[in-house]
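This report refers to the structure that appears directly beneath it.
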Number of protein chains: 2
Amino acid sequence: MPKTAVPVKPRVGRPRKLPLARGAAAAPVLGRERILDAALALIDAHGPQAFNIRELAAQLGVAPAAIYWHVPSRNALISGAAARVMNGVADDIAPGRWQDRLRALLHRYRGMLQRHPKLAPLVASEMLGNAAFDAVLLDHVVRLLEDAGFDGAALVDAYNVVIAAMCGFATLELSAAPAEDVGEWEAACRAQLARVDAVRQPALARHLGALENKAFLLRWSSGTDRPLGSGFDAWTDVIVRGLEARARALRRAA
Amino acid sequence: MPKTAVPVKPRVGRPRKLPLARGAAAAPVLGRERILDAALALIDAHGPQAFNIRELAAQLGVAPAAIYWHVPSRNALISGAAARVMNGVADDIAPGRWQDRLRALLHRYRGMLQRHPKLAPLVASEMLGNAAFDAVLLDHVVRLLEDAGFDGAALVDAYNVVIAAMCGFATLELSAAPAEDVGEWEAACRAQLARVDAVRQPALARHLGALENKAFLLRWSSGTDRPLGSGFDAWTDVIVRGLEARARALRRAA
DNA sequence: ACCTGAACACCGTTCAAGT
DNA sequence: ACCTGAACACCGTTCAAGT
């Protein structure tokens, strides 16, 4: 939501840190790092929708306009906070079979989202919107796909599969319900469940008891309250087995 | 971003359509349907971030406040528009092997997002946030999983896998880059690519040419301009093969 | 270099009042 | 029942001015 007071305006841009004049030390009370830390804390607490610069400034004991000397926009703050969370997902992944490394990667990503669930609906889009990707992560992915036997165009496709697999399940699992009304939301979900027609949706009706509050679109608790652990294990299992089978099939065709 | 003028206020609620008094026909110029149509058109055009009620009202030739007689909030408008897009994804899926039906489902969902790419970053979260799920879709999913041999808790897990698979790839593929600056964005991406270190990220560097602008996190064109068709085919292939293999493994263990 | 005060141009939402 | 006018309480962002 870009609301510009004056539509036509030169960009702000990051200030380049000039070396301090010797002796004259102007204590930099704010600084980009401190701002991003505080922004991440606020977003973790109330979600990106409710995040606003005036509260951030108050939290930092500073005038709202001060933020803009270090960061060009609210969006950049959200992206920056998301990037800070993303970085390091792929560090310290133990060597081993490519299957195990892939599983470790998926678990790492999910763990990161579990620590920052409010970011779940954003990370996918922010990941793309962020030119600052984690090169270590991508190198890991490419290497494990080489080990799996992919190459050339097939490796590119498999790479996209892995990235999508990384984001896919965890994002859905941890995206929270609308925080507006708690009980009202649960009631609406239960009402929908009760409306399932055993005649028109027989298969669904058969398994409704098992699915209730444990399945996407049929649950009201979020992934933070009720983790879908076995579902996530199934997810990694399907991805790994699928990549194995596809690699075999491609090798056979070649 | 709930900004309430008066924080404590009773809810608005949907108006119940009373039968018109005979003769006295007050032409209902607005109506929930017409509003949602216009809202969807605006969101398709400029994205959910830029969507605002005042423009919607202007588009409908009406005062902004008039909207609130039919719809309780801006969020409800976005959810409603998203729901309208979602509905019917699973209609007219041809009978056949469960593998083919699953593939058809994934293609349907992607096709829907391709027609409404601006909704891509939302649909996942709106799907969850929306108590009005598409029962036909869910019944389809459960039925094909029964046919694949899943049952009980394993079926619940597999169900979650299928839903995540449906949203996973297409959402990433069609989530657009920040619309702010076009060329600047591409330049930033290219700069990142150039910064990949052949020594520290050797595997990534080896395939960088093939990945450039064709892979998640390494592309600047969106899925609307450059569809990742072969990547999506790989995705469905991996999911189907993975589910096949998992079903076999579970059967063997039982 | 870094921050403040005050303003501008927007918002979503409400409320009384009209018809 | 349905819509308008006008207001309220917020926003992000800018700009001149301070230090």
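The values are calculated or read from the model by the stated rules, or taken from the named source; none is laboratory data. The structure displayed is predicted, hence computed values, not measured ones. Ideal geometry is used to build each Cβ from the backbone, glycine not excepted, and the neighbour counts take in all protein chains shown.
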Could you tell me whether residue B:156 is surrounded by 17 or more Cβ atoms within 10 Å (Cβ to Cβ), touching a helix residue (DSSP H, G or I) at 6+ places or on another chain (Cβ under 7 Å) and either more than 8 Å from chain A (Cβ to nearest Cβ) or touching a residue at least 12 places away in the same chain (Cβ under 8 Å) (or both)? no
Listed residues A:218, A:211, A:204; which is within 8 Å of chain B (Cβ to nearest Cβ), surrounded by 20 or more Cβ atoms within 10 Å (Cβ to Cβ), within 18 Å of residue B:151 (Cβ to Cβ) and modelled with pLDDT under 95? A:218
Where the second residue is surrounded by 11 or more Cβ atoms within 10 Å (Cβ to Cβ) and the first is in a loop (DSSP other than H, G, I, E, B) and lies in the range A:195-206, which pairs have Cβ atoms under 7 Å and are six or more apart or on separate chains? A:196/A:204; A:196/A:205; A:196/A:208; A:196/B:135; A:198/A:205; A:201/B:135; A:201/B:139
Checked the range B:125-152 for anything modelled with pLDDT of 95 or more, surrounded by fewer than 20 Cβ atoms within 10 Å (Cβ to Cβ) and at the interface with chain A (Cβ under 7 Å from one of its Cβ atoms); matches are B:143, B:146, B:152
Quick check on residue B:223: is it closer than 24 Å to residue B:103 by Cβ and at the interface with another protein chain (Cβ under 7 Å from one of its Cβ atoms)? no
Give the range A:170-201 a look and list any residue that's over 30 Å from residue A:104 (Cα atoms) and either facing chain B (nearest Cβ under 7 Å) or of a type in the set (Asp, Glu) (or both), or say none. A:178, A:180, A:181, A:184, A:186, A:188, A:189, A:192, A:196, A:197, A:201
Subset of the range A:103-124 [facing another protein chain (nearest Cβ under 9 Å) and farther than 14 Å from residue A:86 by Cβ]: A:121
Could you list, in sequence order, the residues of the range B:132-175 that are within 16 Å of residue A:202 (Cα to Cα) and of a type in the set (Gly, Ala, Ser)? B:135, B:152
Checking residue A:65 against (1) assigned to a loop (DSSP other than H, G, I, E, B); (2) surrounded by fewer than 17 Cβ atoms within 10 Å (Cβ to Cβ), the condition it does not meet: (1)
Out of (1) touching a residue at least 24 places away in the same chain (Cβ under 8 Å); (2) near DNA strand C (Cβ under 10 Å from one of its atoms), the one residue B:84 does not meet is (2)
Looking at A:24, A:38, which is the one that is under 31 Å from the mean Cα position of the chain (by Cα) and either modelled with pLDDT of 95 or more or not assigned by TED's automatic domain parsing to the domain that holds residue A:123 (or both)? A:38
Boolean, residue B:128 is of a type in the set (A, V, I, L, M), outside the structural domain of residue B:77 (by TED's automatic domain parsing) and free of Cβ contacts under 8 Å to residues at least 24 places away in the same chain: yes
Tell me yes or no: at least one residue of the range A:162-169 is at pLDDT 95 or above, out of contact with any helix residue (DSSP H, G or I) (no Cβ under 8 Å at 6 or more places or on another chain) and more than 8 Å from every other protein chain (Cβ to nearest Cβ). no
If residue A:112 passes every condition in (1) in contact (Cβ under 8 Å) with a residue 40 or more places away in the chain; (2) assigned by TED's automatic domain parsing to the domain that holds residue A:245 but one, which one does it miss? (1)
Tally, over the range B:207-246, of residues that are in a helix (DSSP H, G or I) and not β-branched (Val, Ile, Thr): 18
Residue count, the range B:83-116, condition assigned to a helix (DSSP H, G or I) and either modelled with pLDDT of 95 or more or hydrophobic (A, V, I, L, M, F, W, C) (or both), comes to 21
Could you give me the residue pairs with C-beta distances under 8 Å whose first residue belongs to the range B:225-250 and is over 16 Å from residue B:105 (Cα atoms), whose second residue is basic (Lys, Arg) and part of a helix (DSSP H, G or I) wherever it lies, and which are 6+ apart or on separate chains? B:242/A:241; B:245/A:241; B:246/A:241; B:249/A:241
